[in-house]
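K.L.:
Can you read through this structure? Questions will come right after.
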Amino acid sequence: QHGAVCAKLRSVFGAAAGLRKSLGNARGEGERTRVVSWMMHWAFSRFVLMGGVVCTLDVPVWGQEVPYTLEDRGRLIQVEATLREFKESVDKRFEQIDKRFEQIDKRFEQMLTFMWILAGVFGGLVAATIGITVWDRRTALAPALRRSGEVEERTERIERALRELAQHDARMAEALKHVGLL
C-alpha cells in the first residue's frame, strides 16, 4: 500500500512538470493565463484527491497497537506505591491535625473553666468586701451612736440642772439667756 501511494505522488509530480513545460511553450498572454488557471485547478484537485486517499489509507503506523511492556508494568507499580505512600502520609497528617484541634479544644475548655473560676473568685471578693464594709460601718457606728446618745442625755440633764439653778440665781439666768439656753 505504501508503495502505491508513492507511485501516485510520482505521477502527480510528473504531470505537474509536463504542465510547466506546456506553460513555457504558450504563445499569447491569454493562453498563458488559461494554462495557469487550468494548472492551478488541476493541482488543487489532485492535492485534494491525494489528501483524501492518504487520509483513508490504512497506514500501519497509525493503527499500530503499542505493546504493554514489563518496564511499563514496573512504572505503574512504582506509581501505585508512591500514590499509596502519599495517601497514607496525607491521612496521617490529617490525623495529626485532628489531634491538634482536639488539644486546642481541650485547652480552650480549660481556659473557659479558668475564666469562670476567676469570675467567681472576683465576684466573691467583691461581695466579701461589700459585706465587710457594711459590717464595719455598723460595728464602728454602734459604739459611736451609743456614746453620742449618752453624751446627749448627759447634756440634757446638765441643761435641766442649770435651768433649775437659773430660777433661784439671777446671774445664772442672765448667763443662760446670753448663751441661748433660756
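K.L.:
Answer yes if at least one residue in the stretch 118-133 is surrounded by 10 or more Cβ atoms within 10 Å (Cβ to Cβ) and either in contact with a strand residue (DSSP E or B) (Cβ under 6 Å, 6 or more places away or on another chain) or of a type in the set (D, E, K, R) (or both), and no otherwise.
P.N.:
Scanning the stretch 118-133, I find no residue that is surrounded by 10 or more Cβ atoms within 10 Å (Cβ to Cβ) and either in contact with a strand residue (DSSP E or B) (Cβ under 6 Å, 6 or more places away or on another chain) or of a type in the set (D, E, K, R) (or both), so the answer is no.
K.L.:
How many residues are among the β-branched types (Val, Ile, Thr) and more than 15 Å from Leu181 (Cα to Cα) when one looks only at the stretch 135-170?
P.N.:
2
K.L.:
Any residue at all in the stretch 79-93 that is modelled with pLDDT under 95 and among the polar types (S, T, N, Q)?
P.N.:
There is at least one residue in the stretch 79-93 that is modelled with pLDDT under 95 and among the polar types (S, T, N, Q).
K.L.:
I'd like to know if the stretch 122-144 contains one or more residues that are among the aromatic types (Phe, Trp, Tyr) and modelled with pLDDT of 95 or more.
P.N.:
The answer is yes; a qualifying residue exists.
K.L.:
Of the conditions (1) touching a Leu at 6+ places or on another chain (Cβ under 7 Å); (2) part of a helix (DSSP H, G or I), Leu112 satisfies every one except a single condition; which number is it?
P.N.:
(1)
The values are calculated or read from the model by the stated rules, or taken from the named source; none is laboratory data. Keep in mind the model is a prediction, meaning the values are calculated, not measured. Cβ sites come from the backbone with ideal geometry, for glycine too, and all protein chains shown count toward neighbours.
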